[in-house]
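Take a look at the structure below.
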Amino acid sequence: MRNPTIDVMKGVGISLVVLGHVWTSPELLQKIIYAFHMPLFFVISGYLFNETKRMEVPFQKFLLSRFQRLYLPALVIGFSCAIPFYYFNKYSGIEDFLIRSFGIVYSVPLVEYTFNCTPIWFLSCLLCVEVLYYLICKYVKWNRLAVIGIIFSMGVIVSRNFQVFLPLNLSIAASSLVFLYLGTKLRSIDFIERHQPHWIFMVLAGCILCLTTILNPVKVGFAANRLGDLNYLFLGSFSGIYVVYFVSEKIKFCRWISFLGQNTILILGYNYWAYFLVRVILNKFDLSHWLLNFSLQIFLFLGAAALLKKIPYANCLLQGVPISNKRRDQLVGV
């Protein structure tokens with residue numbers, strides 16, 4: 001059974017990703033969104049991580065399933081974006097193609113290493129996070145939090161001292177593991193099912209989010225290995241996640257937001273191209289307001305997702321689910 005609140009949380013979260021990537025939006029708004037939108041998805045992934053069932057699966061089978069669910073769609077999206085990329089950009093030779101192809105396979109979160117589809121870095125990063133947590137659950141029986149703390153510290157050290165991207169964003173995964181772990185702890189107490197959100201907590205969380213965002217000396221960016229002050233990072237992340245949870249609980253039966261939440265991979269992968277297309281259209285009519293750009297992108301993605309549902313093979317390929325899976329209409333989004 002799908003939990004409507006989780007689908008809506010993912011829908012709100014992916015909408016914030018789209019809004020955060022409208023580069024003409026207010027800088028403060030972008031900074032607030034970036035303070036928590038990636039931790040939000042790692043926490044949700046942790047909440048959906050059923051440890052009991054996952055531990056029954058051999059490591060090879062688990063790795064293959066997550067590879068198919070996360071990395072394969074990243075490859076499909078990454079290389080499909082090469083078609084519009086070279087249509088709209090002057091082809092600069094085989095070297096450029098090979099560099100960007102390497103960036104897709106290696107999962108480099110830099111625009112110069114992809115075909116204008118940088119956000120797919122999250123998929124390979126989530127793959128690493130889930131594999132790390134699987135191994136911890138499998139082989140660490142005590143002091144898991146200490147192990148996760150050590151891995152997090154290593155990720156922070158790498159992000160602050162080395163300008164390097166490890167394969168499949170392993171260094172970013174190390175910094176993100178703690179958020180997936182938080183999601184598993186929330187699942188263990190059925191937080192979403194049992195907790196009743198309160199206005200006073202939401203207002204408090206919103207104030208903390210705004211305050212920590214302003215005080216944090218940098219704009220948080222997981223893709224850029226930029227975490228800023230860790231105190232502000234955690235306070236801002238947890239506060240922002242609670243605000244999203246509060247809003248999602250209140251609108252959990254909003255079907256179109258839930259639909260967005262069920263198609264996060266599609267939106268994540270083609271976000272930059274949607275922004276580019278909408279910007280071109282708006283410029284033709286001398287319209288360039290950031291809010292209009294965001295709204296049209298959401299409308300565009302709703303239509304694209306609905307159309308994709310009519311093409312089962314392509315839909316399952318992008319969702320990372322075998323075409324033979326009879327439950328393809330009940331896909332669990334990222």
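The values are calculated or read from the model by the stated rules, or taken from the named source; none is laboratory data. Not measured: the values here are computed from a predicted model. Note that each Cβ is placed from the backbone with ideal geometry, even for glycine, and that neighbours are counted across all protein chains shown. Ligands, DNA and RNA are stripped out before the accessible areas are found, and what is left, the full protein with its side chains, is counted by its heavy atoms. Shrake-Rupley method; radii C 1.70, N 1.55, O 1.52, S 1.80 Å.
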Item to check | Asn169 of a type outside the set (Asp, Glu) and either farther than 27 Å from Gln60 by Cβ or touching a His at 6+ places or on another chain (Cβ under 7 Å) (or both) | outcome: no
Next on the checklist: Can you go through Val203, Val243 and tell me which one is buried (at least 18 other Cβ atoms within 10 Å of the Cβ) and of a type in the set (A, V, I, L, M)?
Outcome noted: Val243
Checklist entry - In the range 154-168, what residues are loosely packed, with under 13 Cβ neighbours inside 10 Å and not hydrophobic (A, V, I, L, M, F, W, C)? => result Arg160, Asn161, Gln163, Pro167
Checklist outcome for this item: Within the range 1-35, residues assigned to a helix (DSSP H, G or I) and not hydrophobic (A, V, I, L, M, F, W, C) come out as Pro4, Thr5, Asp7, Lys10, Gly11, Gly13, Ser15, Gly20, Glu27, Gln30, Lys31, Tyr34
Checklist entry - Out of the residues in the range 54-78 that are over 19 Å from the mean Cα position of the chain (by Cα) and of a type in the set (A, V, I, L, M, F, W, C), which is least open to solvent (accessible area, probe 1.4 Å)? => result Phe62
Next on the checklist: Pairs needed: first member in the range 144-167, touching a residue at least 12 places away in the same chain (Cβ under 8 Å) and polar (S, T, N, Q); second member anywhere, in a helix (DSSP H, G or I) and surrounded by 14 or more Cβ atoms within 10 Å (Cβ to Cβ); C-beta distance under 7 Å; at least 6 residues apart or different chains.
Outcome noted: Ser159/Ser171; Ser159/Ser175
Checklist outcome for this item: For the range 12-23 the number of residues that are surrounded by 24 or more Cβ atoms within 10 Å (Cβ to Cβ) and closer than 10 Å to Val244 by Cα is 1
Item to check | Only listed residue being in contact with a Cys (Cβ under 8 Å, 6 or more places away or on another chain), surrounded by 20 or more Cβ atoms within 10 Å (Cβ to Cβ) and within 27 Å of Gln262 (Cα to Cα), chosen from Ser124, Ser107 | outcome: Ser107
Next on the checklist: For the range 85-113, which positions are more than 18 Å from Ser171 (Cβ to Cβ) and either among the polar types (S, T, N, Q) or within 18 Å of the chain's Cα centre (by Cα) (or both)?
Outcome noted: Asn89, Ser92, Ser101, Ile104, Val111
Next on the checklist: Against the condition in a helix (DSSP H, G or I), open to solvent by 90 Å² or more (accessible area, probe 1.4 Å) and under 26 Å from Trp121 (Cα atoms), how does Asn231 come out, does it pass?
Outcome noted: yes
Next on the checklist: Quick check on my filter: what residues within the range 169-196 are of a type outside the set (A, V, I, L, M, F, W, C) and either surrounded by fewer than 18 Cβ atoms within 10 Å (Cβ to Cβ) or in contact with a strand residue (DSSP E or B) (Cβ under 6 Å, 6 or more places away or on another chain) (or both)?
Outcome noted: Lys185, Ser188, Asp190, Glu193, Arg194, His195, Gln196
Item to check | Unique residue being outside any helix (DSSP H, G or I) and among the hydroxyl-bearing types (Ser, Thr, Tyr) when the list is Ser237, Ser295, Ser288 | outcome: Ser288
Checklist outcome for this item: For the range 200-225 the number of residues that are in contact (Cβ under 8 Å) with a residue 40 or more places away in the chain and not β-branched (Val, Ile, Thr) is 12
